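Read through the structure below, which is laid out as structure tokens, and then see the notes.
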Amino acid sequence: MALEAKCPECARRADLDDDMKEVNCNHCGFHALYDEYIEIMKGRAAVMGDDFQTNSDRRPF
Ligand SMILES: [Zn+2]
């Protein structure tokens, strides 16, 4: 069973492989190592205020 991740390119569902090493998006063809994906999503979250989990430590309360 593949885990779900959010594609940073098309914002649809991407699949995280069982080893949590690679992220693949079947919608736009996005592919990255999981570490790379995390770095990408951190950058997107900072810019967009997305609901990515790293935002949870930035709550104002
Ligand atoms: Zn995609």
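Here, each number is a calculation from the coordinates, and none is a lab measurement. Predicted model, so just to flag it, every value in this text is computed and none were measured. Cβ placement follows ideal geometry from the backbone for every residue including glycine, while neighbour counts extend to all protein chains displayed.
Tabulated data for the structure shown
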read-out: Qualifying positions in the stretch 29-42 - part of a loop (DSSP other than H, G, I, E, B) and under 12 Å from residue 6 (Cα atoms); value: 30
read-out: Residue that is surrounded by the fewest Cβ atoms within 10 Å (Cβ to Cβ), among those in the stretch 3-24 that are over 13 Å from residue 36 (Cα atoms) and away from the ligand (no atom under 14 Å from the Cβ); value: 19
